[in-house]
1. Pairs of Cα atoms under 8 Å, at least six residues apart: use those to get the relative contact order of segment 251-374, whole percent.
2. Amide H neighbours of residue 388 under 5 Å, counting only residues 5+ apart in sequence or on other chains, H built in-plane at 1.01 Å?
3. Give the long-range amide H neighbours of residue 333: residues separated by 5 or more places, or on another chain, with amide H under 5 Å away, using H modelled in the peptide plane at 1.01 Å from N.
4. Mind ranking 122, 293, 336, 360 by accessible surface for me, highest first, 1.4 Å probe?
5. Under a 1.4 angstrom probe, counting protein chains only, how are 99, 213 ranked by accessible area, largest first?
6. Using θ = phi - 60° and the Karplus curve 6.51 cos²θ - 1.76 cosθ + 1.60, what whole-Hz ³J(HN,Hα) does each residue of segment 78-83 get, with Gly and Pro shown as x?
7. Around residue 151, under 14 Å between beta carbons, what's the net of Lys plus Arg minus Asp minus Glu among the other residues?
8. Counting only heavy atoms of the protein chains, get the accessible area per residue of segment 279-323 (1.4 Å probe) and round it to a whole Å² value.
Amino acid sequence: MDAVPARARVYVACVVALALICLAPLPGVRTPWWAVVLLAALYAGCERATARRRFAGTFHPVLLAGAFLLPPPAAALVALPGALLSRVEQRSRWLRRVWRAAQLGVGVWVAARVHWALGGADAVGDPDFPYALAPAGAAVLAFCLALSVLDAGILVLAERVPVRRACRGLFLRSLAPVAVQGLAGLMMAVLWRSPYGPVAALLVLLPMCVSWWVFAQYHRERAAHQATIRALVQAVDIKDCYTRGHSERVGQASMMIARELGMPEERVEVLRFAGILHDVGKLGVPTRLLRKDGPLTAEERRVIELHPEYGHEMVRGISFLGEARAAVLHHHERLDGSGYPYGLAGCQIPESARVVAVADAFDAMTSTRSYRRARPVHAALEELGRCAGTQFDPRMVTALVRALGRWGYPRPSEADSGGGWYPAVTGDETAHPPRPRPSDARLPGAHR
């Protein structure tokens, strides 16, 4: 949303109008304004504290407690001060704040309306507590669904993400954390209505703050992992200028294959790391060999074929990479046993390496290099199909074909948004026109 398109601004205006409609008071319903003010101030304080500590996300327990305690219009008011005063570092700050306030206002209103319709207001104050879980659970689901729908709309209109990709997994990814925070909000609401009063309800926030801190530490560790990988990839790109961007695209293609195979998201992320780091061993190969325009001698090829082992040594001590390390070592093995470095065959080759091998060859064939022009995507897929069963695992080739058919070939700006493929030119065609490389004819899309 740095440069917000006009249609996205119209969409934000429509959501703001919807939020204002949600604030219309219900006839005959008394609003406890002191509770609205207290919860709104509490939510604003929690948002400022989490922003100052650079925690990720929104502090939902207070919002959901408001949805369980207050009439829908009053509950929607709780989100507004904190969202409008939230810290925003990107451009279009006020547009982002207004959007967030409207989105949360609508989401909380929907949750409160569902909770209200299912008799949740009486259930929260009932001594028989388990009966309060059903309306609260329905309210959490409604809240999560409303936020997911609104988020998908802004992704489609502001970021130009395809509708199917914008909606895919958005609800399910947010459901678990929102459900946990919904339980905390329900505990706050029950204690609020108990003889102990609002002061006891505030104590629920203490363990939530601890869990929030742990969650923030996880994200910081993840950011450190990403920075480590970026540094290694940048070093390879600087050394081998002809394949700049290749590692990121192999990571993207590996992720597409893994998702098409139905792997869990944690493993998909590891396969992305494997694709990104598969050529890190080139740091141990002399630069003159990587940039050589003419044919490689047998001795020079043997030196280059050491790069998987170099790469494995470099990443062996990075524990969070998991099976990505095996992919770095074995991504040049072939199913028929004629690959390197160890000549593994068939199922002896780790599955992660078989995924990366297909992604690597596909990007190599669809990218222009110093020694040849890029092939069209359909021609590269035909070549992969021809070599399936001898060089490549047919399952991985089929998964890539299905993934490309499902997502198509997006614009470069879409290539990092979770799916799709954009074949790119990685070499400098003007300064270094492609030259034939007879020594590379042995492998489809072979590269250095």
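The values are calculated or read from the model by the stated rules, or taken from the named source; none is laboratory data. The model shown is predicted, which means the values in this text are computed figures rather than measured ones. FYI the Cβ positions are ideal-geometry reconstructions off the backbone, even for glycines, and counts take in every protein chain you see. To get the accessible areas, we keep the full protein, side chains included, count just its heavy atoms, and leave off ligands, DNA and RNA. Shrake-Rupley method; radii C 1.70, N 1.55, O 1.52, S 1.80 Å.
1. Relative contact order, segment 251-374: 25 percent.
2. none
3. Close amide H contacts, sequence-distant or interchain: 340.
4. Ranked from most to least accessible, the order is 122, 336, 293, 360.
5. Accessible-area ranking of 99, 213, largest first: 213, 99.
6. Coupling constants for segment 78-83: 4, 7, 5, x, x, 5 Hz.
7. +4
8. I get 47 Å² per residue for segment 279-323.
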